[in-house]
1. Work out the FRET efficiency for residue B:157 and residue B:83 from their Cβ-Cβ distance, taking R0 = 51 Å, and round it to the nearest 0.05.
2. Just to check I understand the Karplus step: with θ = phi - 60° and J = 6.51 cos²θ - 1.76 cosθ + 1.60, what whole-Hz values come out for the range A:208-218, glycine and proline as x?
3. Just want to confirm a number: the relative contact order over chain A, from Cα pairs under 8 angstrom separated by 6+ residues, in percent.
4. Hey, can you grab everything whose amide H is under 5 Å from the amide H of residue A:19? Only 5+ residues off in sequence or another chain; H modelled, so Pro and N-termini drop out.
5. Short version: what are the Cα gyration tensor semi-axes of the range A:128-254, square root of 5 times each eigenvalue, largest first, in whole Å?
6. Roughly how many debye, to the nearest 20, is the charge dipole of the protein assembly as shown about its Cα centre, given +1 on each Lys and Arg Cβ, -1 on each Asp and Glu Cβ, and no other charges?
7. How big is the equivalent ellipsoid of the range B:1-44 along its three axes, where each semi-axis is √(5λ) from the Cα gyration tensor, reported in whole Å from largest to smallest?
8. What number, in percent, do you get for the relative contact order of the range A:10-149 if the mean sequence gap of Cα pairs under 8 Å and at least 6 apart is divided by its residue count?
Amino acid sequence: MSAQTSEHKTMSVKLIVWRQKGPNEPGRFETHVAKGITEHHSFLEMLDVVNEDLIKQGKDPIAFDHDCREGICGTCSAVVNGVPHGGQKRTTLCQLHMRKFKDGDAIYLEPWRARAFPIIRDLVVNRGALDKLIQAAGYVSCHTGGVPDANAIPISKPDSDYAMDAAECIGCGACVAACPNGAAMLFAGAKVAQFAALPQGQVEAPERVAAMIQAMQECGFGNCTNHYECQAVCPKDVDVKFIARLNREFHKALFKAKAGTFTPIGE
Amino acid sequence: MRLFSDSIGRKAVVAVTGLFMLLFVVTHLLGNSTIFAGPDGINAYAEKLRGLGPFVLVFRIFMAAMLVLHVIFAILLTLENRAANPGKYAVKKMLKATFAGETMIWTGLLLLAFIVYHLLQFTLHITPDVVLGNDAKNRVDVFTMVFSSLRITPIALVYVAAMVTLFLHLSHGIQSIFQTLGLNNEKTMPQFGMLGKLLSALFLVGYSAIPVLILAGILAK
């Protein structure tokens, strides 16, 4: 798909990209020009083109996270022109295409920035804090045995739809990156709501919300101030109503005596 | 589960104390609007309030406690939030956040300063502009006191500016109460948002009307 043979017009964009060698190294912006880009290149493919060029020049390629490249794994992560995932509604960065940009555009590219997500290198951050939330409270601690018969536990359609909507979260962390407070309330809210909507999760609902909130604080996430930037950038459009549910579950748990004794995983 | 130390617990404290202050803002506007009935209206109203005796003191202590808790926890949460976000994006574009939402701590602090001024003026009567006296029926002449101060243009402007600040604070704050207390769902969210904007606009118009009408010479003795 080179510029000479392709029937598609090519374009060049100027990348102003954050470069940082390691977690404790100072970072800085570097400018690179991505040449020969077509409208069909995904954003990550455009970065691949730039990196191949950098490698040929004997320079370090730009480190960035990616995996499935089909918008479902939640691995890709970068803030493009001030918006996590680039600002196309319900779209991960890997599914953002260069047709959204114009020839000659300058594109700022930065990593997720939040205290809970330390930078590993360039655009790669450590999102292990989200795993800690799951380890703290993102499961049901009872033994479930084999696959149960369908409809053995009746669950209404609205409840199952609600739980599925919450479970749509792919854990990319864009909500935290967009939040002015570096809060993970949308992620935590989606998990808490997903379980609270289902009979299997309701048993431990008070313990779960207590453990989740404690883990959020320990990981260094901030507090929600209801700006709703999180939903606006969420590639799965996870609704902020789940944050209200998280708050509601917290208030319900306040009045339960035994809250705070969630069985740690593996016990 | 700790109300005063868990993140969501402290948010709830801000929301509940905010809710009580919101109810006060409603009551205070209803009380203040007796001024539109002229000196007899607001002086009679003030006399009634004074007649409640110890209830007024209890009410004042309660409102002071709400204010103190609201301010302390809002500042604590804001400091935590600043720490949780290094805020070093070279370019950051907000998609949904509003000016009102982003400036809550500043509008809040401005309102705190206004409340202190307002209390020094019309409750403790220690600002130089305050005119104290009794009316013909030997009641405290609240009308003259308010009228004499608010017809001074800079003071009237301070009041209008404070009400614009209140409008900003509450246009984000009211819908936030419902979200933080977990009373929201996707259907009610736009409704609470609208309620917040309508109420804050009503407060802006209702409260500002007093200094504006006095300055314009429409509300006079």
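Only the coordinates and a few stated rules stand behind these numbers; no lab work does. All figures in this text were calculated on a predicted structure; none of them were measured in a lab. Cβ: placed from backbone, ideal geometry, glycine included. Neighbour counts: every protein chain shown.
1. The value I calculate is 0.90.
2. Ordered by residue, 3J(HN,Hα) equals 5, 5, 5, 5, 5, 5, 4, 5, 4, 5, 5 Hz.
3. Over chain A, the number comes to 18 percent.
4. Result for residue A:19 returns A:28, A:29, A:30.
5. Those come to 24, 16, 13 Å.
6. That gives the protein assembly as shown a dipole magnitude of about 980 debye.
7. 38, 7, 4
8. Once normalised by length, the contact order is 28 percent.
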